[in-house]
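A short write-up of the structure that comes next.
Laboratory data are not the source of any read-out in this text; all were calculated from the coordinates shown. Model, not experiment: these values are computed from the prediction. Glycine also receives a Cβ, built like all others from the backbone with ideal geometry; neighbour counts cover every protein chain displayed.
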Amino acid sequence: MGKDMESGEPPFGARDYQDPPPAPLVDPEELGKWSFYRALIAEFIATMLFLYITVLTVIGYKSQVDPALNGTECDGVGILGIAWAFGGMIFVLVYCTAGISGGHINPAVTFGLFLARKVSLVRAVMYMVAQCLGAICGCGLVKAFQKARYTRYGGGANELSDGYSKGVGLGAEIIGTFVLVYTVFSATDPKRNARDSHVPVLAPLPIGFAVFMVHLATIPVTGTGINPARSLGAAVMYNKDKAWDDQWMFWVGPFIGAAIAAFYYQYILRAGAVKAFGSSRSNA
């Protein structure tokens, strides 16, 4: 006789993971919990630090390559260094805040998770407000510390580069945000964590790498938004017409990209897995 199955071991074909229940559309009870306000504070501080480090890196790079200051294209961190600053900070901040707020740090990510019923409408709206306020404060710190150079070097504001149409810029923002939000869903999927437990995956790492790779591709096109709070914070502090003229692109594009990623992952990839699971059960 074969060896009996150990108690506690799931039968063949049984689920070895558990999806969290869908978040309620409106959950007013959250407003009375300290954990909710702690999460808002975490999102505010994380977004503020994100904008402070990244925009300061952008301005520092532009000052280092400024011919008026005897700079050359070989000076400074370059586009590669700027991409590392954005991706690296996302890795660090998601790692620090994931257990408190989920580590969104981006209204587009929050929007995608809301569409997938991972967060309630109340939490999603309040997260976006906290993120935008944090981004404005982060850029405000940069302007305070680099007042002489802030306006001269564009304030780190996202603008459509010369030679590109608005359609190209919008497409770049849609695809870039799709890559990011798709990575967020994949890296935080409870099914993946259970089935691939033999391959340790630190969720903030692929998310940070996604931000890094997208910046490498789209910095020459739009400066890379993929985060409406980042674009809004820089535009508010810089406050020039060009930054405001293109601002719509850095909201519409990321929200469309996030929506497509949420639909693709939740209703195509995950729905296919559910159907396959149901079919194997019915044939057993």
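A few remarks follow.
- Our coupling estimate for region 149-154, obtained by passing each phi through the Karplus curve with A = 6.51, B = -1.76, C = 1.60 and θ = phi - 60°, is 9, 4, 6, 4, 10, x Hz, Gly and Pro reported as x.
- Residue-by-residue Karplus 3J(HN,Hα) for region 244-254, coefficients 6.51, -1.76, 1.60, Hz, glycine and proline x: 6, 4, 9, 4, 4, 4, 8, 10, 5, x, x
- Amide N of region 82-112 lying under 17 Å from the label point, which is placed 7 angstrom from the Cα of S35 along Cα→Cβ: 97-104
- Unsatisfied cross-links (Cα-Cα over 26 Å) in the set K33/K118; K118/K191; K118/K240; K143/K242: K118/K240
- Top positive-direction residue, dipole computed over region 28-274 with Cβ charges, set V184, I136, N239: V184
- Shape of region 28-274, Cα gyration tensor, a/c cut at 1.5: prolate
- Couplings 3J(HN,Hα) of region 108-116, computed from phi: 5, 5, 4, 5, x, 5, 5, 4, 8 Hz, in residue order, whole Hz [Karplus 6.51 cos²θ - 1.76 cosθ + 1.60, θ = phi - 60°; x for Gly and Pro].
- Rg over Rh, two decimals, region 50-101 (C-alpha only, Kirkwood Rh): 1.15
- By average C-beta atoms within 10 angstrom, highest first, the peptides 91-104, 130-143: 130-143, 91-104
- Divide the volume of the convex hull around the Cα atoms of region 85-220 by the residue count and you get 130 Å³ per residue.
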